[in-house]
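Structure, as structure tokens:
The values are calculated or read from the model by the stated rules, or taken from the named source; none is laboratory data. All values derive from a computational prediction rather than experimental measurement. All Cβ positions, even for glycine, are placed from backbone atoms using ideal geometry, and neighbour counts span all protein chains on display. Ligands, DNA and RNA are stripped out before the accessible areas are found, and what is left, the full protein with its side chains, is counted by its heavy atoms. Shrake-Rupley method; radii C 1.70, N 1.55, O 1.52, S 1.80 Å.
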Amino acid sequence: MKIMPLIQMPKAPNIIAPPMVEEQLTDSVRATLIARIKQLMLQQNAVLVAHYYTSADIQDLAEETGGCVSDSLEMARFGHAHAARTLIVAGVKFMGETAKILNPEKRVLMPDLQANCSLDLACPADEFSAFCDQHPERVVVVYANTSAAVKARADWVVTSGTAVKIVEHLHKQGKKILWAPDKYLGDYVQKTTGADMLLWQGACVVHEAFKAEALQKMKLAHPDAAVLVHPESPAAVIALADVVGSTTQLIHAAQTLPNQTFIVATDNGIFHKMQAVASGKIFLEAPTAGTGATCISCAHCPWMAMNGLQKLAQVLESGDNEIHITEPVRSRAVRSIQRMLDFAAEQQIAPRMRGAA
Ligand code: 13P
Ligand code: SF4
């Protein structure tokens, strides 16, 4: 019998999430800030590109000013296609970096440069690169939630909306995959496609906290509810889902499924858009507490919460918080991102969803 060598997986660092600090504004301060931001954006030819997990204020402002609120795939596409000189990316650091990698000629600003992501932090570029060197026969596929340097080491970048299709495509060509950083998304993609995948052991602190046992009980209490799950969640939670998909795909499901009630296992910032596109329907947070609860963030990303109107006004006033990516990291990283965008365009992946869609 042939004995297969044991593959040593590097241990992903344990990531401690920062405390949750959400912006609280009075109506008059909010109105003053919004008016000032709109004026500065016009003066500076700027557009706001926001993620669904940011605050309702940021999401509404992005749409009112002709920007976009979307998942990470569409954020990248939108910023790239838009003619504005300045992209303000309200989300987390990898989203701002992706915008800069694709648009080196544009100024890319973020409300808070400390807004990171536990997946990005769990995958240091030097350790990841050493791991890739040990497996030169594998195609390196990394999730968008990674640093520019990790993307520069990759053959492909994927988002939650493109991961399954891209790995399926590579698997059909007989390719073996080295995947990073999300072990849960990687496991889901592996089971869905049957591909041979070596998984880095990172996790999202928000999605990892959803609890399958408590979700099962919640389903029994709401038998007519559809369960919507983001694939960064643990396998036992995904197994209870009616729909698994990117944030855009989950919003699309909320809008189009006949159910009146939904149990949603992703960041609760998404409820703002779900309620807008499916008004009258009921959205319930999937459980993160209960027996064995360990959640730090409880269905809301503390890094996404760092985006607010005050910081947005301040970066437009000062020009601070600009994203810079050094060469040759940028020109290497752009290849793996562009490969995904070209593939997504060819395959017509992830229908666009903006506004009331
Ligand atoms: P989406 O691309 O599905 O919006 O996911 C990004 C993310 O960070 C989810 O936690
Ligand atoms: Fe990262 Fe999770 Fe926050 Fe998304 S929700 S940005 S994966 S920490």
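Observations, loosely collected:
- Selection status of residue 236, open to solvent by less than 30 Å² (accessible area, probe 1.4 Å) and touching a residue at least 12 places away in the same chain (Cβ under 8 Å): no
- Qualifying residues in segment 187-209 (those that are touching a residue at least 40 places away in the same chain (Cβ under 8 Å) and open to solvent by less than 10 Å² (accessible area, probe 1.4 Å)) - the one nearest to ligand 2 (Cβ to nearest atom): 206
- Selection from segment 316-340 of residues that are crowded, with 19+ Cβ neighbours inside 10 Å, in a helix (DSSP H, G or I) and either in contact with a Ser or Thr (Cβ under 7 Å, 6 or more places away or on another chain) or not polar (S, T, N, Q) (or both): 316, 329, 333, 334, 337, 340
- The set of residues in segment 176-194 being aliphatic (A, V, I, L, M) and either in a helix (DSSP H, G or I) or within 14 Å of ligand 1 (Cβ to nearest atom) (or both) consists of 185, 189.
- Given (1) at pLDDT 95 or above; (2) among the hydrophobic types (A, V, I, L, M, F, W, C); (3) in contact with a helix residue (DSSP H, G or I) (Cβ under 8 Å, 6 or more places away or on another chain); (4) within 30 Å of residue 215 (Cα to Cα), index of the condition residue 305 fails: (3)
- Selection of segment 61-88 for residues being free of Cβ contacts under 8 Å to residues at least 40 places away in the same chain and either at positive phi or touching a His at 6+ places or on another chain (Cβ under 9 Å) (or both) yields 66, 67, 75.
- Top-ranked residue in segment 17-57 [being over 12 Å from residue 309 (Cβ atoms) and small (Gly, Ala, Ser); ranked as modelled with the lowest pLDDT]: 17
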